[in-house]
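Presented below is the structure to which this report refers.
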Amino acid sequence: MLAARHNRRMNQPGPSPLAAGDPQLGVDAARAAIAAALRPIEGSETVPLLQAGGRVLAADLVSPIDVPAHDNSAMDGYAFVGSALAAEGPSAFSVVATVYAGQPFDGAVGAGECVRIMTGAVMPAGLDTVVPQELCRAESGRIVVEAGVMRRGENRRRRGEDLAAGKPALRAGRLLKPADIGLAASLGFEALEVKRRLRVALFSTGDELRAPGQALDPGCIFDSNRFALLAALQRLGFEAIDLGLVRDDPAALEAAFETAMASADAVLTSGGVSVGDADYTRALLARLGEVAFWKVAMRPGRPFAFGPLRGRGERTSWLFALPGNPVAALVTFYVFAREALLQLAGAVPQPLPLLRARCTSPIRKRPGRTEFQRGVVAPAPEGGWQVGLTGAQGAGILRSMSEANALVVLGHDQGSVAAGDAVDVWLFDGLT
């Protein structure tokens, strides 16, 4: 079983519903098992506001003020007492002042009078309605509002209607977006308490791999997985620890895992370790932790391993062992590791957004596994969205992944797709 022992540390494993060695798992079952096993890491820090984007909020952000702080105008126009609007015929008001944002007006506005007011300006006492300048007629120091154009109270933003003082503006666990940073600034915050960065160690395995810049010996290939996965980790805002290339050697592999476990909350690998076909690999991971080797009913990316690794001092690092084929490695990262790592980092889990698009060509597919095809989503001539595949879909054809802007998701029970059928699509811009 995946770890079942309780531990005081928040990132220690909980019980797992799946046993190692299950012959084949569905994608949803594998994702559920991973989510059930993980607990968020501990630790937070306070950072300047402009450094908080992309970080995970560690505590609720409580507003110290009402937003807006005063009743104010939502329009450039004229403010008056709404009860003075005539039910029939035009209403006329004399303009007695002009009120600008940041310059409150403390004078009196009498019956039949109004003020010229700008967007965001504080509403003068007693006034409750604003007519936009384009919906009235100005003539000789007064305005005329026709019957039925306005209702009492329109275009006035009330104090605290966006956010009341003492109420949470943002909840803990939120992955902070640009608008969130702007919101925090609007409340006067100079710094935010965020979760510490998740530390993820990464290495590739294989004697045939060479780093870019090295000589490419016969039978060898350049390591692309590590660079693609490092970029994915950095885009998520994690602290990526690059451990480079590791030979297919028991001592080298053990040393890499020991280094990773000493420094990281999670370990990401690509290559032979995910398959577990070498006896020493299984024996090593059994000694270091409780890793389950899964065959997931998906394409690409069938072999996958997941579980806790035990470091010194009761430290736990979570292993995500991905296939070696470049496309399979990235797809498996998106399907299993991405959301799990965000959960481990303390972010509130959010399902990946699905878009429905019409497929421009037929796709052969048999029920019984989930398939992920590379595609390009574009507006359809008849409206809505359409998606076309980026050529050959082999697990080693990284160019087709580079050309794609989305993954076509064909569900476990789904069969072949005809041209014009609607399919589910994950947009890559949603996979940040």
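The values are calculated or read from the model by the stated rules, or taken from the named source; none is laboratory data. Every value quoted in this text rests on a predicted model; they were computed, and no experiment measured them. Neighbour counts run over all protein chains shown; Cβ positions are idealised from the backbone, glycine included. Ligands, DNA and RNA are excluded from the accessible area calculation, which covers all protein heavy atoms including side chains. Shrake-Rupley method; radii C 1.70, N 1.55, O 1.52, S 1.80 Å.
The protection proxy used here, the mean number of other Cβ atoms lying within 10 Å of each residue, ranks peptides 111-118, 377-384, 328-335, 78-85 as follows, highest first: 328-335, 78-85, 111-118, 377-384.
Taking 0.36 nm per residue of separation and subtracting the Cα-Cα distance, what length does fully extending Gln103 through Glu45 add?
On the way: separation 58, 0.36 × 58 = 20.88 nm, distance 3.86 nm.
So the chain would gain 17.0 nm between Gln103 and Glu45.
Estimated purely from DSSP H runs of n ≥ 4, each contributing -39500 (n - 2.57), the mean residue ellipticity at 222 nm for the chain is -5000 deg cm²/dmol once divided by its residues. Electrostatic bookkeeping for Ala328 treats Lys and Arg as +1 and Asp and Glu as -1; over the other residues with beta carbon under 9 Å from its beta carbon, the sum is +2. Using a Gaussian network model of the chain in which every pair of alpha carbons under 10 angstrom is joined by a spring, one finds that among Thr129, Thr281, Thr46 the greatest mean-square fluctuation is at Thr129. If you sort Arg137, Arg171 by accessible surface, 1.4 Å probe, largest first, the order is Arg171, Arg137. Amide H contacts under 5 Å for Ala97: Arg116, restricted to partners 5 or more places along the chain or on a different chain, H placed in the peptide plane at 1.01 Å from N. For the residues Leu245, Leu163, Leu135, a GNM of the chain with alpha-carbon springs under 10 Å puts the largest fluctuation on Leu135.
Heavy-atom surface analysis with a 1.4 Å probe gives the chain a carbon and sulfur content of 52 percent of its accessible area. Amide H contacts of Ala191: Leu49, each under 5 Å away and 5 or more positions distant or on a separate chain (H built 1.01 Å from N in the peptide plane; Pro and chain starts excluded). The phi-based Karplus calculation (6.51 cos²θ - 1.76 cosθ + 1.60; θ = phi - 60°) puts the 3J(HN,Hα) values of segment 401-408 at 6, 5, 6, 7, 10, 6, 10, 7 Hz, whole numbers, x for Gly and Pro. Two tests apply to each whole DSSP H helix in the chain, Cα reach of 18 Å or more along its axis and mean Kyte-Doolittle hydropathy of at least -0.5, and the ones passing both are 250-263. Protection proxy ranking for 260-272, 291-303, 31-43, using the average of other Cβ atoms within 10 Å per residue and placing the highest first: 260-272, 291-303, 31-43.
Using the 1.4 Å probe convention, the accessible area of segment 95-227 works out to 54 Å² per residue with neighbouring protein chains retained. Basic side chains Lys and Arg get +1 at the Cβ, acidic Asp and Glu get -1 at the Cβ, and with that the dipole of segment 280-432 about its Cα centre reaches some 640 debye. Amide H to amide H distances under 5 Å link Val348 with Arg174, Leu175, where only residues 5 or more positions off or on other chains count and H is placed in the peptide plane.
Taking only Cα atoms and a 10 Å spring cutoff, compute GNM fluctuations for the chain and point out the largest among Ile241, Ile397, Ile143. In the Gaussian network model the winner is Ile143.
Between Ala36 and Ala86, full extension at 0.36 nm per residue minus the direct alpha carbon distance yields a gain of 11.6 nm. Annotation for segment 315-338 versus segment 390-426: alpha-carbon center distance of 19 Å.
For Asp249 and Ala380, the difference between the fully extended length at 0.36 nm per residue and the C-alpha to C-alpha distance is 42.0 nm.
For segment 245-365, the solvent-accessible area works out to 37 Å² per residue, with a probe of 1.4 Å and every protein chain left in place. Take every DSSP beta bridge with both residues inside the chain and express the antiparallel ones as a percent of the total, to the nearest 5. About 65 percent, rounded to the nearest 5.
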